[in-house]
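The values are calculated or read from the model by the stated rules, or taken from the named source; none is laboratory data. Only a predicted model underlies this, so the values are computations on that prediction, with no experimental measurement involved. Positions of Cβ are generated from backbone atoms using ideal geometry, with glycine treated the same way; all protein chains shown enter the neighbour counts.
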Amino acid sequence: MPLLAVVVCGAPLAVRAYDLVEQARRARWEVSLVSTDSAAPWLKANSDVSAHVTGFQMPQQPRLRPDALVVCPLTFNSGNKWALGIADNRPMSLLCEALGSGVPIVAVPMVNASLWKHPAWEEHVMLLEAGGVVMLDPATGQRGAKPVQDGTGEEISRGFDPANVLAVLADEVAQPPR
């Protein structure tokens with residue numbers, strides 16, 4: 001089975017990590033979940049996540065060599081660090097290596113409107129997209145990144161459909177390597 005790395009950053013959509021992992025497993029992916037420290041409160045809200053993935057990646061484990069990667073959700077902080085190549089922790093190292101290796105990557109940014117207007121953000125989104133990252137709107141599941149409105153995290157999380165991410169990922173995997 002091909003290996004899918006799922007990187008989870010700290011935003012409300014992280015509560016849906018289990019659903020994404022389960023659907024990926026049903027789509028015949030072996031799944032490894034890697035999370036930032038800030039994702040912990042949302043992952044703890046769904047404690048079943050760790051029992052249903054190939055494994056959470058701990059610092060002492062060997063490096064992952066995924067066949068594809070999903071970042072859901074991608075936060076302002078992680079997105080900016082990723083675009084700048086700042087690999088200061090395990091999730092960021094995985095993101096930077098995956099981008100450099102050309103594996104298919106789908107990211108679901110969950111960034112509010114105020115942060116979206118930060119002068120660096122638009123440039124960093126364009127840089128990641130130029131590197132091959134496909135951005136999806138968390139509210140619609142459609143291609144293209146958009147800000148989320150303040151206070152809508154729970155609503156977006158409830159309406160989020162992991163099948164949209166996996167459909168786009170399947171399209172990207174079917175493309176010739178970059």
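Of the residues making up segment 118-128, just one is at pLDDT below 95 and either part of a loop (DSSP other than H, G, I, E, B) or of a type in the set (D, E, K, R) (or both), namely Glu122.
Select, from Val106, Val111, Val133, the only residue that is farther than 18 Å from Pro66 by Cβ and among the β-branched types (Val, Ile, Thr).
On the way: Val106 fails: farther than 18 Å from Pro66 by Cβ; Val133 fails: farther than 18 Å from Pro66 by Cβ.
Going through Val106, Val111, Val133 in turn, the sole match is Val111.
What do you reckon, is Asn112 in contact with a Leu (Cβ under 7 Å, 6 or more places away or on another chain) and within 18 Å of Leu13 (Cα to Cα)? Criteria not met by Asn112.
Scan segment 97-117 for residues that are surrounded by 13 or more Cβ atoms within 10 Å (Cβ to Cβ) and either among the small types (Gly, Ala, Ser) or outside any helix (DSSP H, G or I) (or both) and jot them down. Result: Ala98, Ser101, Val103, Pro104, Ile105, Val106, Ala107, Val108, Pro109, Met110, Val111, Asn112. Could you say whether any residue in segment 65-77 is part of a helix (DSSP H, G or I), under 28 Å from Val125 (Cα atoms) and at pLDDT 85 or above? Yes, that holds for at least one residue. Considering segment 4-35, and only residues there that are β-branched (Val, Ile, Thr) and in contact with a strand residue (DSSP E or B) (Cβ under 9 Å, 6 or more places away or on another chain), the residue that is surrounded by the fewest Cβ atoms within 10 Å (Cβ to Cβ) turns out to be Val31. The set of residues from segment 129-178 being buried (at least 19 other Cβ atoms within 10 Å of the Cβ), part of a loop (DSSP other than H, G, I, E, B) and in contact (Cβ under 8 Å) with a residue 40 or more places away in the chain comprises Pro138, Phe160.
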